[in-house]
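For reference, the structure is listed below as structure tokens.
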Amino acid sequence: MTATQTVHIGGTAPYTVTIAPGLIDDGAALTRALRGRHLLLVSDAHVAPLYADRVEAAARAARPGLTTARYVMPAGEHEKTLARFGECVDALATLGATRDAAVLALGGGVIGDLAGFAGACWMRGIDVIQVPTTLLAMVDSSVGGKTAVDLPSGKNLVGAFHPPRAVVADTTVLRSLPDRELRAGLAEVVKYGAIFDAGFLDWLETHVDALLARDDAAVAEAVARSCRYKADVVERDPLEHGDRALLNFGHTFGHAIETEQGYAGTSGDGLNHGEAVAVGMVLAARLSARLGLAPAADAQRLQALLQRFGLPVEIPVGLSPEALLTRMRLDKKADAQGLRFILWDKAGAARIVAGIADEAVLATLTA
Ligand SMILES: NC(=O)c1ccc[n+]([C@@H]2O[C@H](COP(=O)([O-])OP(=O)(O)OC[C@H]3O[C@@H](n4cnc5c(N)ncnc54)[C@H](O)[C@@H]3O)[C@@H](O)[C@H]2O)c1
Ligand SMILES: O=C(O)C(=O)C[C@@H](O)[C@H](O)[C@H](O)COP(=O)(O)O
Ligand SMILES: [Zn+2]
């Protein structure tokens, strides 16, 4: 039996991430942050049939008189759209959600981001409870309050910072997660070691087999440690004016790949977010080495670890470097001076770097 772990995110809108087996049947944990009478459960067509009845039953048992409704959308990154967002807020209207209502996001990062954005916008902001069901959502997207939908022109281009009121992570739901999605989540776990703590990379290197085998203790440890790294930086810089941007390591390249592929990751024709970030982190490490900022051996170490997790480390065949560079110009870290990249001085020590010549980026994309 794995013990309950909690991670507190402080600041002006504090909340707690609770990590334990069995939480989706724990009505008290699910509804602790609920203030009103209305709850909209948002999920996707893969997750809802598995877990929505249990979550709704637990919530209703804990809160007699609760009025619930569901918005269930097709699964996949290509569904994280303004159109689905519109349907989601329409569901809040149909529910008659008042300002003390809550949105409960039951799913991976796609659902968390879209439902979170609906919660940020409905009546200018209502409570959001994140119930992540992918490893990626548990270690990253459910924490920190970034919410968004994609546009054809770029990832997460329409969104808001809107922290959840609670994050409830039931590690047993990871048993039904496809292997590919488990590996995608491990990419964001590796990211924390890459940017903040080479010691965590050591730990990951010794726990590859346990994590791929979904060993309860190893997974719970990876989730809790990841949430702590993220909590620490989000608490200091919730709106990404500074250090929070380090969490974007690999994302300038990764988002360009996802966008250029038309968000085809979930259908199998392209890279999903975690896979694109894996490639992006290797490219960021190679660019760091090319610029003489970091040892090439560290890029090779990162690549080897990601490969042991079964993640891709090269740009998919057929994507043009020039097209990817064009996509990067809509990256949210870019400003009037141009692109900014998250690079590293060595494994575990990332920083924001501006003023990189297009030629160096193109050479990294081409090599
Ligand atoms: N807001 C943030 O800070 C942040 C951080 C990282 C990523 N993201 C976003 O998160 C998204 C990626 O999230 P993701 O990797 O969770 O993808 P996802 O939400 O598409 O989920 C992946 C797949 O797993 C299925 N699934 C989810 N939970 C399951 C379970 N327990 N059992 C069986 N199937 C399950 C889903 O239906 C989907 O098909 C991207 O849009 C990315 O931009 C946001
Ligand atoms: O929380 C953050 O900050 C992150 O950057 C986490 C990333 O893993 C995540 O993919 C995020 O959605 C990217 O944000 P964006 O601002 O580049 O869209
Ligand atoms: Zn990410």
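The values are calculated or read from the model by the stated rules, or taken from the named source; none is laboratory data. Since we're looking at a predicted model, the values are computed, not measured. Backbone-built Cβ (ideal geometry, glycine too); neighbour counts: all protein chains shown.
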Give the residue that is nearest to ligand 1 (Cβ to nearest atom), with candidates limited to residues of region 180-230 that are among the charged types (D, E, K, R) and within 17 Å of the chain's Cα centre (by Cα).
-> 181
Within the set of pairs 6+ apart or on separate chains, which have a first residue in region 180-206 that is under 15 Å from residue 221 (Cα atoms), a second that is away from ligand 3 (no atom under 12 Å from the Cβ) and acidic (Asp, Glu), and C-beta atoms under 6 Å apart?
-> none
Criterion: of a type in the set (Lys, Arg), within 16 Å of ligand 3 (Cβ to nearest atom) and over 24 Å from residue 76 (Cα atoms) - qualifying residue of 244, 236 | 244
Among the listed residues 137, 93, 83, 120, which satisfies the condition of being more than 16 Å from ligand 3 (Cβ to nearest atom), assigned to a helix (DSSP H, G or I) and surrounded by 18 or more Cβ atoms within 10 Å (Cβ to Cβ)?
-> 120
Could you say which residue among 59, 33 is within 27 Å of residue 14 (Cα to Cα), surrounded by fewer than 21 Cβ atoms within 10 Å (Cβ to Cβ) and in contact (Cβ under 8 Å) with a residue 40 or more places away in the chain?
-> 33
Residues 52, 62, 45, 75: which one is among the aliphatic types (A, V, I, L, M) and farther than 21 Å from residue 134 by Cα?
-> 62
Go through 144, 159, 193, 199 for me and flag whichever is within 16 Å of ligand 3 (Cβ to nearest atom) and either in a helix (DSSP H, G or I) or farther than 26 Å from residue 78 by Cα (or both).
-> 193
The residue from 284, 347, 304, 334 that alone is closer than 23 Å to residue 243 by Cα and without any contact (Cβ under 8 Å) to a residue 60 or more places away in the chain is 334
Got a sec? Which of 158, 143, 128 is of a type outside the set (Lys, Arg), surrounded by 20 or more Cβ atoms within 10 Å (Cβ to Cβ) and over 28 Å from residue 302 (Cα atoms)?
-> 128
Scanning for something free of Cβ contacts under 8 Å to residues at least 60 places away in the same chain, surrounded by fewer than 24 Cβ atoms within 10 Å (Cβ to Cβ), away from ligand 3 (no atom under 16 Å from the Cβ) and in a helix (DSSP H, G or I), does region 96-114 turn up at least one residue?
-> no
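Matching residues to (1) more than 14 Å from the chain's Cα centre (by Cα); (2) modelled with pLDDT under 95; (3) within 19 Å of residue 165 (Cβ to Cβ):
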{"residue": "56", "(1), (2), (3)": "yes, no, yes"}
{"residue": "75", "(1), (2), (3)": "yes, no, no"}
{"residue": "125", "(1), (2), (3)": "yes, no, yes"}
{"residue": "132", "(1), (2), (3)": "no, no, yes"}
{"residue": "145", "(1), (2), (3)": "no, no, yes"}
Say we look at region 36-56 and pick out the residues that are surrounded by 18 or more Cβ atoms within 10 Å (Cβ to Cβ) and within 13 Å of residue 97 (Cα to Cα); which of these is farthest from ligand 3 (Cβ to nearest atom)?
-> 38
